[in-house]
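Taking it in order: structure first as structure tokens, then the write-up.
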Amino acid sequence: MRNLMAKLGDNMRRFMMGRYGMDDLNRFLYGTFIVLFLLELLIPIARVKMVLNIANTLVIFIELFRMLSRNISKRYAENLKFLDLTAGIRRAFRINKKKFDDRKDYRYFKCPGCGQEVRVPKGKGHVRITCPKCRASFEKKV
Ligand SMILES: [Zn+2]
């Protein structure tokens, strides 16, 4: 069994040689496929199911095509384009996650002067905050 698994792994590695493989865009496509697939399972309306089935089939084919593609430079360029187009969204997600992770120890305020967000440690009572960007000063309870 162990031998068989090792052999399968070797064959897989050989098969993937010179092919593009996984990247951010493919991970996104895979996530999209999973969401569409689950929606297809959950939504009981036949017409919607059909559309979702076509959509998730299309998405998984695009992902497989990209993964198995030998045109590595073209796939790489597509991934860069994807990362470039989604930079703003990914940044917003990162910031929100950080705020959520920090929620026990910090509060976030918007500077009334310039709108810059300022992070202040919690539990210090009334504090005077000086904006690091525009030096405006304001008071808050933390
Ligand atoms: Zn400011």
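Remarks
- Qualifying residue in segment 81-94 (condition: touching a helix residue (DSSP H, G or I) at 6+ places or on another chain (Cβ under 9 Å) and outside any helix (DSSP H, G or I)): yes
- When segment 92-142 is filtered for residues that are of a type in the set (Gly, Ala, Ser) and on the phi < 0 side of the Ramachandran plot, the ones remaining, listed by number, are Ala92, Gly113, Ala136, Ser137.
- Whichever residue in segment 126-142 is of a type in the set (A, V, I, L, M) and part of a loop (DSSP other than H, G, I, E, B) and, among such residues, is farthest from the ligand (Cβ to nearest atom): Val142
- Residue in segment 94-104 that is more than 10 Å from the ligand (Cβ to nearest atom) and farther than 30 Å from Asp23 by Cα present: yes
- Qualifying residue in segment 114-125 (condition: of a type in the set (D, E, K, R), farther than 27 Å from Leu39 by Cα and either within 16 Å of the ligand (Cβ to nearest atom) or in the same structural domain as Gly18 (by TED's automatic domain parsing) (or both)): yes
- In segment 20-52, of all residues being over 23 Å from the mean Cα position of the chain (by Cα) and part of a helix (DSSP H, G or I), the one that is nearest to Asp84 (Cα to Cα) corresponds to Val51.
- Residue among Met50, Met67 that is in the same structural domain as Met12 (by TED's automatic domain parsing), among the hydrophobic types (A, V, I, L, M, F, W, C) and either surrounded by 13 or more Cβ atoms within 10 Å (Cβ to Cβ) or in contact with a strand residue (DSSP E or B) (Cβ under 9 Å, 6 or more places away or on another chain) (or both): Met67
The values are calculated or read from the model by the stated rules, or taken from the named source; none is laboratory data. On a predicted model such as this, the values are computed, not experimentally measured, just so you know. Reconstructed Cβ throughout: ideal geometry from the backbone, glycine too, with neighbour counts over all protein chains shown.
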